[in-house]
Amino acid sequence: MSSARPRRTRLLGAVLMLGTVVGMAVAAASVSSSATPEGSTAAKPSGSPVCLVEADGVEHNVKVLSTVTTELYHKTRSYPGPCAVYGEPVVLGDGHIRTYAQLDGVRPLSLGFVFGKNALTNLPTANTDGQHCYDVDGDGTIDEQAECVHSHDFVLELPQQFTEQVGGPFTWALLTWDPHGHMPDPVYGLPHFDFHFYIQDLAARNAIRTGSGSGEGLINGDDYATARVPVSDRYRPEGYFDFGAVVSAMGNHLTDLSSPEFNGNMFTHTFMYGAYNGEITFYEPMITKAWLAEVTGGKADSCTPIKAPAAWKVAGWYPTRYCIEYRKNREELTVSLTDFAYRPAA
């Protein structure tokens, strides 16, 4: 009992700031959880899991009656639990972006990117960040328009706790900002972000060389051929095809022709699979800047099913949906993989 008292006192102090029934609901749920005597068989408190955030940013996992969660989110920076673990942030626009995960032991509940809405302002406008270029004409200079991949890349680490507890298959993340879109222009020529969740390790990705290949991909000829090695039908989700969308330092992109943007609708968000040397290498929600701005302006959050293959070559926890959400009380967006299921290797 003595070890529970400091935590109970701190939680009670945190919820008293609300001054509403929300505080009482959180206190009741939290205290019943923390004050249960050791060895007791009392039932766990009912309610929705919430990450209660104090004014100083300290977070607590609590259970709250679902009838008052809306008020709690309105009055505090709390969010649907459990509390997240985070990767290191990097600068994006006028804000920052980092990875996060919500865990239930070794089972991931969500894995995603989180960033303030201010990260959507003052983004780079140049075609390229100059990271992936090749002197195609051999004149000793780089023409950024014709000899660089048109994107800005931000490599992010996954949360350490996710890596240690969950393990694979996902090992790191890559955000790509395309200020002028990319091929094919009639479909994907809008400013957008690519949110990559990588299975392939970073060293292997970095080894996909630039070269004199035609188009925006600027990829080495041998590596282009490796990227086009077909993924076995059992590991390639039904409806996803290889159209040669190969990029240096990235690999191939498998596209779903049943997606709305290929069927008379404007591109807003979609999902791609990465591939290299016959292997699935990354999961990629691709979302326009305009759509993210609309979500911050009141458009409803959304979660979309991910088409799955018949089998998985690497065992691990795999998502079945990707979500785009805005937390108004925190002024932040999340783009996440969710609803994970464990898949054995086959």
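Taken together, the values in this text are just the output of simple stated rules run on the coordinates, not laboratory data. In this text the structure is predicted, and so the values were computed from the model without any measurement. No Cβ is skipped: glycine too gets one built from the backbone with ideal geometry, and neighbour counts run over all protein chains shown.
Per-structure values
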{"item": "Neighbour-count order for Ile142, Ile219, fewest beta carbons within 10 angstrom listed first", "result": "Ile142, Ile219"}
{"item": "Calculated Rg and Dmax of the range 235-346 using C-alpha coordinates, Å", "result": "15.2, 44"}
{"item": "Hydrodynamic radius (Kirkwood) for the chain, which is based on Cα pairs only, to one decimal in Å", "result": "21.9 Å"}
{"item": "Unit charges on C-beta of K, R, D, E only; dipole of the range 148-256, Debye", "result": "160 debye"}
{"item": "Stokes-Einstein diffusion coefficient of the range 75-119, Kirkwood radius over Cα pairs, 20 °C, 1.002 mPa s, in µm²/s", "result": "185 µm²/s"}
{"item": "Dipole magnitude of the chain, debye to nearest 20 (Cβ charges: Lys/Arg +1, Asp/Glu -1, about Cα centre)", "result": "2140 debye"}
{"item": "Dipole axis of the range 81-204 (+1 Lys, Arg; -1 Asp, Glu on Cβ), positive-most option in Leu120, Pro191, Leu103", "result": "Leu103"}
{"item": "Value at 222 nm in deg cm²/dmol, rounded to 500, when DSSP H runs of n ≥ 4 in the chain each add -39,500 (n - 2.57)", "result": "-5000 deg cm²/dmol"}
{"item": "Highest-first arrangement of 338-346, 96-104, where packing means the average Cβ count within 10 Å", "result": "96-104, 338-346"}
{"item": "22 Å Cα-Cα reach of Lys117 towards lysines, excluding residues that sit fewer than 8 places from it in its own chain", "result": "Lys75, Lys289, Lys299, Lys328"}
{"item": "Cβ crowding within 10 Å averaged over residues, with 73-84, 291-302 ranked highest first", "result": "73-84, 291-302"}
{"item": "Anisotropy class of the range 175-225 from Cα gyration tensor, a/c 1.5 cut", "result": "oblate"}
{"item": "Using a Förster distance of 25 Å, the FRET efficiency for Ala315-Asp104 (Cβ separation, nearest 0.05)", "result": "0.85"}
